[in-house]
Amino acid sequence: MPPIQDMTSAASVSRETASAPSDDAGLLDALQHQVAVFARRAEQTRLGGVGQVRNSMDRAAYLLLNRLDREGPMGVKALAAGMGIDSSTVTRQVAPLVDTGLVKRTSHPEDGRAVVLELSPRGLARLEEVRSSRRELMAQVTGGWTEEERNSFTTLLTRFNGALSARAAGLPSSEGGTGGEDDTGGSDGTDEPGAGDRTAGEAARGAGTPS
C-alpha cells in the first residue's frame, strides 16, 4: 500500500512557497528602489558638473549639442529620429540654441534647398567646457572605483537606458540597443524641470556665455 500523504502539510508548504518572495523578486525590489533613489539624487544635484559651469546648461540643450557634435550636420527630421523625439520638439528646443549662436543653420552640402543644423565653433567650445565640468563630477563621484567597475557600470547603465527607451517606444526591450543616451527626459522629449531648474530656452540662453 502506498504511503498516505499528509495533505495538510503539503498544502501548508505550497502556500508558504507561493507567498515567500523569490530571490529574483527581492533583487528587483532592490533595483527599483535604487533607481528611485538615483532619480531623486540626480534631480537634487542635476549632475551638471562642478565649479562655475555647474548646472549652466539644460539637459535637453546638452543632448542636442552632443548629438550634433557626434553625428555632424543634419536636418531636423534626422536629428529627431536619432534622438527618439518628434520634429516639433527638436524645432522648439533648437531655436534658442540658434538664437545664442551655439547652433547654426546651413545649406545641405548635397541639396542646396535643404537646411541642416550644425554645431558652431562657439557651440563646440561651450559644449567642451560643460563636458569637462561634468567629466570632473563623474571622476569625483566614482573616485574610489576601478576602471573595470566604471566600464561595467557604464555598459549596464547604457543597456538599461536603451531598454527604457525601447519600452517608451513600444518595442521589445531587446531592441532597445544603446540608444537610451539621448533621451531628453519627458515623454515628449522635453526637459522636465524640477526645483531650481530652468526651462530649456532659459538654460540655452545662459549657456551662450560662461558662468
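A quick yes/no check of all residues on (1) among the hydroxyl-bearing types (S, T, Y); (2) farther than 28 Å from L164 by Cβ:
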{"residue": "T45", "(1), (2)": "yes, no"}
{"residue": "S56", "(1), (2)": "yes, no"}
{"residue": "L68", "(1), (2)": "no, no"}
{"residue": "K77", "(1), (2)": "no, no"}
{"residue": "V94", "(1), (2)": "no, no"}
{"residue": "L124", "(1), (2)": "no, yes"}
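Looking across region 80-90, the residues that are surrounded by 14 or more Cβ atoms within 10 Å (Cβ to Cβ) and either part of a helix (DSSP H, G or I) or among the β-branched types (V, I, T) (or both) come down to A80, A81, G82, M83, I85, S87, T89, V90. Among the residues of region 101-118, those identified as over 30 Å from R41 (Cβ atoms) and touching a helix residue (DSSP H, G or I) at 6+ places or on another chain (Cβ under 9 Å) are G101, V103, K104, R105, V115, V116, L117, E118. Taking residues in region 24-41 that are open to solvent by less than 60 Å² (accessible area, probe 1.4 Å), and partners anywhere that are part of a helix (DSSP H, G or I), the pairs with Cβ atoms closer than 9 Å and at least 6 places apart or on different chains are V35/F160. If the condition is being of a type in the set (K, R) and over 12 Å from the mean Cα position of the chain (by Cα), then region 143-168 contributes R150, R167. What do you reckon, is V116 over 26 Å from G51 (Cα atoms), surrounded by 18 or more Cβ atoms within 10 Å (Cβ to Cβ) and in contact with a His (Cβ under 9 Å, 6 or more places away or on another chain)? Considered against the rule, which asks whether it is over 26 Å from G51 (Cα atoms), surrounded by 18 or more Cβ atoms within 10 Å (Cβ to Cβ) and in contact with a His (Cβ under 9 Å, 6 or more places away or on another chain), V116 comes out as yes.
Residue count for region 105-121 satisfying the condition of being modelled with pLDDT under 95 and either of a type in the set (F, W, Y) or not in a strand (DSSP E or B) (or both): 7.
Per the conditions (1) at pLDDT 85 or above; (2) in contact with a helix residue (DSSP H, G or I) (Cβ under 7 Å, 6 or more places away or on another chain); (3) open to solvent by less than 40 Å² (accessible area, probe 1.4 Å), the sole criterion not satisfied by K77 is (3).
The values are calculated or read from the model by the stated rules, or taken from the named source; none is laboratory data. No experiment lies behind these values; they were computed from the predicted model shown. With ideal geometry, Cβ positions are generated from the backbone for all residues, glycine too; neighbour counts draw on all protein chains shown. Surface accessibility is based on the protein's heavy atoms, side chains included, excluding ligands, DNA and RNA. Shrake-Rupley method; radii C 1.70, N 1.55, O 1.52, S 1.80 Å.
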